[in-house]
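First the structure, in the form of structure tokens, and then the observations on it.
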Amino acid sequence: MSVISEAVILIAGQGSRLRGADKNCLKPFVPVLGRPLLSYTLDALSCAGISAAHFVVGYESEKVIDAAKKLIPPHITASFILNREWEKQNGISLLVAAGHVSAPFLLSMGDHVFDDALIDCLVDNFEAGLLNIAIDRKLDSIVDLDDAMKVQTRGNRVVGIGKNLRNYDAIDTGLFVCPSDIFAYLKRAKSINAGNDCSLANGIELMAIDGKVRGIDIGSARWHDIDTPQVLEHAEQDTRWRVLRSVN
């Protein structure tokens, strides 16, 4: 049985790049292969043995909560945490979960979809006390590489992270196992940055300086960051991913 029983899922953003001109379609419920995007995250949580999920909401929070409740399996206890500053970066969304979740916990971006094998790889191999990132070294398979969160590693240690990183050998897949330290590092990043704001990557970068970030290679497992209509189309045309979703 997994020692990880809780998860935080970030679904606070507006998702304007994916929704485009359709203001009535909320990003967590954009259809992917005929199913709401968020339902794949819920599949992933079930696969990982998660019993408590904390959803950080913001944009159109009441509508998001109402729609999400209809998708949550009965064996997962869900809570919804409001980020009133949802227009800021995703580090602020994770910070509002401090005090609501026990470590180690699974962290997922709400607009990413994953193979079960990827979840299993991360949960089965994480190292307690460190921030563990599921990383993809298959750089040629990344659709929107310019926008991807790039990672530089030394062995299994992450030594750099950022979208504009020049030297990198992997991509952050948006799935993590987090220690409680993540919140202290995000607070530090927030105090350093202008505008009292920070991204998750800002906090991870500080942890990496202290040698507290570990990369776990996902191998052949598949994932997609459903952030634009182009990536959504690619995910739906990814034959191998379609087969995996039909099996699970």
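Condition check: modelled with pLDDT under 95 and within 28 Å of K163 (Cα to Cα). Does D136 satisfy that? No, not satisfied. When the residues of the stretch 183-219 are filtered to those that are free of Cβ contacts under 8 Å to residues at least 60 places away in the same chain and among the hydroxyl-bearing types (S, T, Y), the one that is nearest to A170 (Cα to Cα) is Y185. So which of V158, V143 ends up being at pLDDT 95 or above and touching a helix residue (DSSP H, G or I) at 6+ places or on another chain (Cβ under 6 Å)? Of the residues listed, the single one that is at pLDDT 95 or above and touching a helix residue (DSSP H, G or I) at 6+ places or on another chain (Cβ under 6 Å) is V158. When residues in the stretch 123-146 are screened for being within 18 Å of D169 (Cβ to Cβ) and in a helix (DSSP H, G or I), 5 of them pass.
Scanning the stretch 73-103 for residues that are in contact with a strand residue (DSSP E or B) (Cβ under 7 Å, 6 or more places away or on another chain) and either farther than 12 Å from I50 by Cα or modelled with pLDDT under 95 (or both) yields a total of 14. Residues of the stretch 39-58 that are under 22 Å from L232 (Cβ atoms) and at pLDDT 95 or above: F55, V57, G58.
Look at (1) surrounded by fewer than 22 Cβ atoms within 10 Å (Cβ to Cβ); (2) modelled with pLDDT under 95 and you find that D111 fails only one, number (1).
The values are calculated or read from the model by the stated rules, or taken from the named source; none is laboratory data. None of these values were measured; they are calculated from a predicted model. When we count neighbours, we look across all protein chains shown, and the Cβ atoms used for this are built from the backbone with ideal geometry, even at glycine.
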